[in-house]
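K.L.:
I'd like to ask some things about the structure below.
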């Protein structure tokens, strides 16, 4: 028997060990139960849930005691066989981390991340599992992957060629269309210099553009205003448009180039130009035909009848002389003299018109060269031509070209016949709006009372007809000449007549007077506008505007059923893009200001001449509306424009940008080059600025910008 003391010590040690184990178990259970992470103890053989903490109960939606009666297969969304395989792998130490879907008590499925290790507890093999909800993280990853896939698909399958190039000029990425466009495989392009796709004659300019881009990276077209081209693997060169965009990756700057083959577009433009030239030529032929038809009618109705009258009166005079009726014979002869002079003036006009249509079927410069060659070959009179370095396809409208070439021919004819010199010079200059021709010789000169006006005796030189031609198209003629110092004829004509370059085409007329509608239709149609409809009142106007979508509406104010004022409000509310011009008999009309306040672009007086009416209508449609001083003051006061020191809230960011550049004195073309817009688009925005600010011209816009500190 062991001594009593020894037994007592063993019992004491056993008690200590039990107390320590109780403390350890209590500490473990406290940590397990109260831990914020979801924890489960699972039997490795059966899959039964032995223990579950409060976090697990909160996550799964089951009470702890219910969870402890469940099997892990009741929660997992995979097959029982797959669950058993997972338990075996964890027990064997081959697996301790995996993702799996779990179903909650609510039926919702969540993606969880499981960290599980085998443990021994009270003689049982258990799996200690910590579970994290990773649903949102997985969804975010899937969304990122989907976005990356979409971006990759966009890059790969976009119809334009896309290339990414680093700062050394090396190609780092290309899409499918790049391979198709240039004829290389992806492997042949990657890690090659971009020069492989650039024609050799453009290498130098490309290097400058490339360095310039990386010096100040920003989205922009490459070589703005230049004709760009690329080269394929087979050596063929083709025209392209290129847009450059900077790309930041890993702290490095790359450039992404969007390349578009514009061969088809240029071919379409070429065919369009050919069609325009053909149409221009057909229009010339039609104009000539119409002029000849008109002259034939006038010759028949005018000169023919005049000659018949002269013939009959001459016969009558013979009879009077036979009867010695001298007094009546003298009276009749005087009348015959007047008629003959009138006929002479008419014939002079017909000669002018005949010269309009004779030999002007060719392109302008070709016709001019041909005439000058004729002077040299037939009369040994040499003409030096100084033409624009890059002559345009058309100098001006057909009517203006006809007038101009006649004036030049008349001036050269005068120089040949009357100057005493054997040569002359013709200088042609062009700008956007006008063509100027200077015809000069170094001969004996002609006597001119003052520049631009011929003496009466000078009419034999054809100067009167030249003046008529200039006046026909709204140009100017100046003649400078001194004895023995030669003569200079300076003619300046608009390249496009006002009625051939209307900034609108589809017109809706709204007026309750049929005769006024008919007259307005005829006037507008003759000047190139298309009358798409006419309404008698505001109700019809609103309906037709909705159905026909006109560019511009000419709106009377006083009409039955619905006034022009109410129609203007309704149409501008529904279709603000339509311009409405008010037709009025007086600017004092009560509703006029209210109509302008409701969105009308301007007003026209019904009593205007046709030319003034069309000129003002063109100005208004371009946004360059003019108002009387009283009307302008009323508008500015109404909208608070005079005292406002803030930027105009009705202007877009683009219009504000153009407003600032205009205030700096830049021309429209310069503005367009700076902000990558066409000159026509800049003019359109300028028209909108004038319209929205109710200003009359560019000068007022500049003053407006300065007053508001927009410079």
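Every number in this text was worked out from the coordinates using simple rules, so none of it is lab data. Predicted model only: the values in this text are computed from it and were never measured. Cβ placement follows ideal geometry from the backbone for every residue including glycine, while neighbour counts extend to all protein chains displayed.
K.L.:
Just rank 206, 218, fewest to most, by other beta-carbon atoms within 10 angstrom.
P.N.:
Listed from fewest to most nearby Cβ atoms, that is 218, 206.
K.L.:
Rounded to the nearest 0.05, what FRET efficiency do residue 676 and residue 485 have when you use their Cβ-Cβ distance and R0 = 45 Å? Walk me through the numbers on the way to the answer.
P.N.:
On the way: r = 51 Å, r/R0 = 1.12.
Plugging the Cβ-Cβ distance into 1/(1 + (r/R0)^6) gives 0.35.
K.L.:
Determine the gain in length on full extension of the stretch residue 418-residue 99; use 0.36 nm per residue of separation and subtract their C-alpha separation, reporting nm with one decimal.
P.N.:
Stretched fully, the residue 418-residue 99 segment lengthens by 104.3 nm.
K.L.:
Say each of residue 319 and residue 144 gets a label point 7 Å from the Cα, pointing the same way as Cα to Cβ; how far apart are those two points in nm?
P.N.:
11.6 nm
K.L.:
At 20 °C and a viscosity of 1.002 mPa s, what translational diffusion coefficient does Stokes-Einstein give for the stretch 77-195, taking Rh as the Kirkwood radius over Cα pairs? Give it in µm²/s as a whole number. Don't skip to the end; give the middle numbers.
P.N.:
Numbers: Rh = 19.0 Å.
Estimated diffusion coefficient is 113 µm²/s.
K.L.:
Could you sort the peptides 657-664, 549-556 by per-residue average Cβ neighbour count (10 Å cutoff), highest mean leading? Show your work: numbers first, answer last.
P.N.:
Working: 657-664: 19.1, 549-556: 23.1.
Top to bottom by mean Cβ count within 10 Å: 549-556, 657-664.
K.L.:
For 238, 210, what ranking results if the residue with the fewest other Cβ atoms within 10 Å of its Cβ goes first?
P.N.:
238, 210
K.L.:
On to the next question. Measure out, as a whole number of angstrom, how far apart the alpha-carbon centroids of the stretch 668-711 and the stretch 133-150 sit.
P.N.:
Distance between centres, Cα-based: 48 Å.
K.L.:
With a 10 Å radius around each residue's Cβ, average the other Cβ atoms per peptide and rank 109-117, 404-412, highest first.
P.N.:
The densest-packed peptide leads the list: 404-412, 109-117.
K.L.:
Rank-order 331-337, 180-186 by packing density, defined as the average count of other C-beta atoms within 10 Å over each peptide's residues, highest first.
P.N.:
Going from most to least packed, we get 180-186, 331-337.
K.L.:
So what's the convex hull volume per residue for the Cα atoms of the stretch 497-621, in Å³?
P.N.:
Numbers: hull volume 10.9 nm³, N = 125.
Cα-based convex hull of the stretch 497-621, divided per residue, equals 87 Å³.
K.L.:
Once the Cβ-Cβ distance between residue 430 and residue 232 is put in as r, and R0 is 56 Å, what FRET efficiency do you end up with, to the nearest 0.05?
P.N.:
0.90
K.L.:
If neighbour count is taken as other Cβ atoms inside 10 Å, put 594, 401, 51 in order from fewest to most.
P.N.:
594, 51, 401
K.L.:
Additional query: Give, in nm to one decimal, the length gained when the segment between residue 366 and residue 518 is fully stretched (0.36 nm per residue of separation minus the Cα-Cα distance). Don't jump to the answer; show the numbers that get you there.
P.N.:
Values: separation 152, 0.36 × 152 = 54.72 nm, distance 4.23 nm.
Fully extending the segment from residue 366 to residue 518 adds 50.5 nm.
K.L.:
Calculate the all-directions average of the projected area of the stretch 35-138's alpha-carbon convex hull, and give it in nm².
P.N.:
Taking a quarter of the hull surface, the average projection is 6.3 nm².
K.L.:
Restricting the calculation to Cα positions, tell me the Rg (one decimal) and the Dmax (whole number) of the stretch 158-261 in Å.
P.N.:
12.7, 37
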